Amino acid sequence: MDFKLNIPFHRPLIEKDDIAAVVETLESGWMTTGPAVKALEQEFAGYVGAKHGVAVNSCTAAMHLALAGLDIGAGHEVITSPYTFVATAEAIQYTGAKPVFADIREEDFNIDPCQISEILAKDRSNVRALLPVHIAGHPCDMRSLVKIARENDLSIVEDAAHCLEGWIYSPNHENSKTSGQAKIGTIGDATCFSFYATKNMTSGEGGMVATDSDDLAEKIRTLALHGMSRDAWKRYTAEGSWNYEIVTQGYKYNMPDILAALARVQLKKVPDMYARRRKYATLLREHLDDLDALIVPQECLNSVHAWHLFIVRLCLDKLTITRNQFIERLREHGIQTSVHFIPLHLQPYYRNKFNYRRGDFPVAEKVFDSVVSLPLYPAMTEEQITYLYDVVRETIEKHTVREKCFVPEEIA
Ligand SMILES: *Cc1c(COP(=O)(O)O)cnc(C)c1O
């Protein structure tokens, strides 16, 4: 490449209408949880096809309260995978429950249902829930997970921080709203979404629980605001009063209207932003798929990928450079990348607390050693995508080990 384009790892798509919505809220005189949050909750629930949406200030808070609302706490265990952002295990620990890790599948980096079954076969007495993470936006094998949950009387809380716009196709799924297909947000007891700055839609910070349960939605709503029996904004409107009751120990997890106003505009743009992600992911796959030393992400026949992250795997035995050198080469060309994820059992805190060591989750470790996340977001231009696959291609080709050809003597 004789020219250089700078491609940050992420840049949110914030346009004039996003900014106008925030300014309008600031001018309205109501900044904290109020009418914009109410509207966002209804619009978001409608969008994913769930009965309720409960807005909070992060996906971490959403997972915490979903678990707490399902009465998960001290003495309980929740099964998740070590191949995720720390928020997943953290949310479990907030409740007092213990995160129990199950290894992932190599093909999609998602929790392996067989590994869950193995854990349950050993001792299921304290396990109360599964917390699958749809890594990169590739939906987990929800059919198997729902079956396991049913057979073992477990709840399912999904970490869908990456999976707004994910779908699964499952002919016999009882939860399917439309024949044979189910959108992420309609499957587990609760599905948690993130509006963090890098996610498929953003309000800077923010999160949402989608659920069909009236009871769970009400519990989460109460927990999210100090355990108060009524929403603060209702207290201050004409139909409200100064009176409230504290019915449980709650948290300060509510979303302010300033952010909800931004999220509402973003939500309207999700179809267009997703179409752009999808188009770019297709272009990257088409132009990188034939490389021997690189594995590009695939979309399963029975699911729709939300394309939050584009994680490629390097075949290190076919390359003369390491993963970190590959990252460095791209950086020299102006391309910022990232690595998702450092398995949690290798992090000092989790390693020490639960006595984990390298070797405990071999698939997660093997995947981690070889992955790189390439930039993929709607604010990228097609020129940047072209530059990206050209540089990746050139870098991989330049450093691929050449097989030594055997040339028979009579030809030589
Ligand atoms: C971003 C992320 C979260 C946390 O989302 P917040 O809204 O920042 O709390 C949780 N899980 C995964 C997999 C994530 O990538």
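The values are calculated or read from the model by the stated rules, or taken from the named source; none is laboratory data. Predicted model only: the values in this text are computed from it and were never measured. Positions of Cβ are generated from backbone atoms using ideal geometry, with glycine treated the same way; all protein chains shown enter the neighbour counts. Surface accessibility is based on the protein's heavy atoms, side chains included, excluding ligands, DNA and RNA. Shrake-Rupley method; radii C 1.70, N 1.55, O 1.52, S 1.80 Å.
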key: Matching residues in the stretch 60-86 - criterion: being over 19 Å from ASP215 (Cα atoms) and open to solvent by 10 Å² or more (accessible area, probe 1.4 Å)   = THR60, ALA74, GLY75, HIS76, GLU77, PHE85, VAL86
query = List pairs: first in the stretch 29-50 and within 19 Å of GLU205 (Cβ to Cβ) and free of Cβ contacts under 8 Å to residues at least 12 places away in the same chain, second of a type in the set (Ser, Thr, Tyr) and outside any helix (DSSP H, G or I), Cβ under 6 Å, 6+ apart or cross-chain?
reply = none
query = In the stretch 138-169, how many are farther than 22 Å from GLY207 by Cβ and of a type in the set (Phe, Trp, Tyr)?
reply = 1
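Only one residue in ILE258, ILE246 is hydrophobic (A, V, I, L, M, F, W, C) and at pLDDT below 95. Which one? If you could, list the steps in order and put the result at the bottom.
Details: ILE258 fails: at pLDDT below 95.
That would be ILE246, the only listed residue that is hydrophobic (A, V, I, L, M, F, W, C) and at pLDDT below 95.
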task = Being closer than 30 Å to GLN266 by Cα and in a helix (DSSP H, G or I) is the filter; apply it to the stretch 117-172 and report the residue that is farthest from the ligand (Cβ to nearest atom).
result = MET142
query = Within the stretch 192-211, which residues are over 16 Å from GLY166 (Cβ atoms) and aliphatic (A, V, I, L, M)?
reply = ALA197, VAL209
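Residue by residue through the stretch 86-111, note down the ones that are of a type in the set (Phe, Trp, Tyr) and either within 15 Å of SER58 (Cβ to Cβ) or more than 16 Å from the ligand (Cβ to nearest atom) (or both).
First, the residues of the stretch 86-111 that are of a type in the set (Phe, Trp, Tyr): 94, 101, 109.
Result: TYR94, single match.
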key: Flag if GLU158 is charged (D, E, K, R) and at pLDDT 95 or above   = yes
key: Condition broken by CYS114, with the remaining ones in (1) within 14 Å of the ligand (Cβ to nearest atom); (2) surrounded by fewer than 21 Cβ atoms within 10 Å (Cβ to Cβ); (3) more than 17 Å from the chain's Cα centre (by Cα) satisfied   = (1)
query = What is the number of the single condition among (1) within 16 Å of the ligand (Cβ to nearest atom); (2) open to solvent by 60 Å² or more (accessible area, probe 1.4 Å) that ASN324 does not meet?
reply = (1)
task = Evaluate the stretch 200-213: report whether one residue or more is more than 16 Å from the ligand (Cβ to nearest atom) and either under 16 Å from ARG264 (Cβ atoms) or in contact with a helix residue (DSSP H, G or I) (Cβ under 8 Å, 6 or more places away or on another chain) (or both).
result = yes
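Matching residues to (1) within 11 Å of HIS138 (Cα to Cα); (2) surrounded by fewer than 19 Cβ atoms within 10 Å (Cβ to Cβ); (3) in contact (Cβ under 8 Å) with a residue 12 or more places away in the chain; (4) in contact with a Leu (Cβ under 8 Å, 6 or more places away or on another chain):
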{"residue": "ARG277", "(1), (2), (3), (4)": "no, no, yes, yes"}
{"residue": "THR282", "(1), (2), (3), (4)": "no, yes, no, no"}
{"residue": "HIS287", "(1), (2), (3), (4)": "no, yes, yes, no"}
{"residue": "VAL296", "(1), (2), (3), (4)": "no, no, yes, yes"}
{"residue": "GLU299", "(1), (2), (3), (4)": "yes, yes, yes, no"}
{"residue": "SER303", "(1), (2), (3), (4)": "yes, no, yes, no"}
{"residue": "TRP307", "(1), (2), (3), (4)": "yes, no, yes, yes"}
{"residue": "PHE310", "(1), (2), (3), (4)": "yes, no, yes, yes"}
{"residue": "LEU316", "(1), (2), (3), (4)": "no, yes, yes, no"}
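I need a count of the residues in the stretch 16-59 that are among the acidic types (Asp, Glu) and open to solvent by less than 30 Å² (accessible area, probe 1.4 Å). I'd like the intermediate steps shown before the answer.
First, pick out the residues of the stretch 16-59 that are among the acidic types (Asp, Glu): 17-18, 24, 27, 41, 43.
Then keep just the ones that are open to solvent by less than 30 Å² (accessible area, probe 1.4 Å); that gives 18, 41.
Result for the stretch 16-59: 2.
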query = Is it true that some residue in the stretch 346-366 is open to solvent by 50 Å² or more (accessible area, probe 1.4 Å) and either under 17 Å from PRO297 (Cβ atoms) or part of a strand (DSSP E or B) (or both)?
reply = yes
